Amino acid sequence: MNYLKKIPKEEVYSLTDQIRRSSRSVCANIAEAYRKREYQKHFISKLSDADSENSETQVWLDFALACAYCSKLEVENLKEKSEEIGKLIQYMINNPVKFGVRI
């Protein structure tokens, strides 16, 4: 995320940190979901958490754009990727058997 390097120092420990933490949490929650695939409700719950973190990342990107820390094009590019991740998470939620969940 080289885009974040343009954010002023006074925002580094708030906005930048929030973007990094929420985006990393998406991956961590997907990993946890896979580990809990033996139990469908746990699997879906962790994927729901991943989707929520993905949405949070989009909100922080909106703040970065509103504060003019990133260009509209940069934020649109990142949000497109985030939307694709959201679609993949939703696919996993809708098709748990394809990911090893026993129903």
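Within the stretch 60-74, the set of residues being small (Gly, Ala, Ser) and surrounded by fewer than 20 Cβ atoms within 10 Å (Cβ to Cβ) comprises Ala66, Ala68, Ser71. Once the stretch 53-81 is narrowed to residues that are over 14 Å from Thr16 (Cα atoms) and among the polar types (S, T, N, Q), the residue that is nearest to the chain's Cα centre (by Cα) is Asn54.
For first residues located in the stretch 17-36 and more than 19 Å from Phe99 (Cβ to Cβ), partners that are of a type in the set (Ser, Thr, Tyr) and lie 6+ apart or on another chain with Cβ distances below 6 Å form the pairs Ser22/Thr57; Ser23/Thr57. The residue that is nearest to Glu84 (Cα to Cα), among those in the stretch 27-59 that are of a type in the set (Val, Ile, Thr) and either surrounded by fewer than 17 Cβ atoms within 10 Å (Cβ to Cβ) or touching a Ser or Thr at 6+ places or on another chain (Cβ under 7 Å) (or both), is Thr57. The listed residues are Arg20, Arg102, and the only one of them that is at pLDDT below 95, among the charged types (D, E, K, R), assigned to a loop (DSSP other than H, G, I, E, B) and exposed (fewer than 15 other Cβ atoms within 10 Å of the Cβ) turns out to be Arg102.
Apart from one condition, Glu74 fits all of (1) free of Cβ contacts under 8 Å to residues at least 60 places away in the same chain; (2) in a helix (DSSP H, G or I); the exception is (1).
Across the stretch 7-17, the qualifying residues are those that are surrounded by fewer than 13 Cβ atoms within 10 Å (Cβ to Cβ) and in a helix (DSSP H, G or I), and the one among them that is modelled with the highest pLDDT is Ser14.
The values are calculated or read from the model by the stated rules, or taken from the named source; none is laboratory data. Since this is a predicted model, take the numbers as computed values, not measurements. Reconstructed Cβ throughout: ideal geometry from the backbone, glycine too, with neighbour counts over all protein chains shown.
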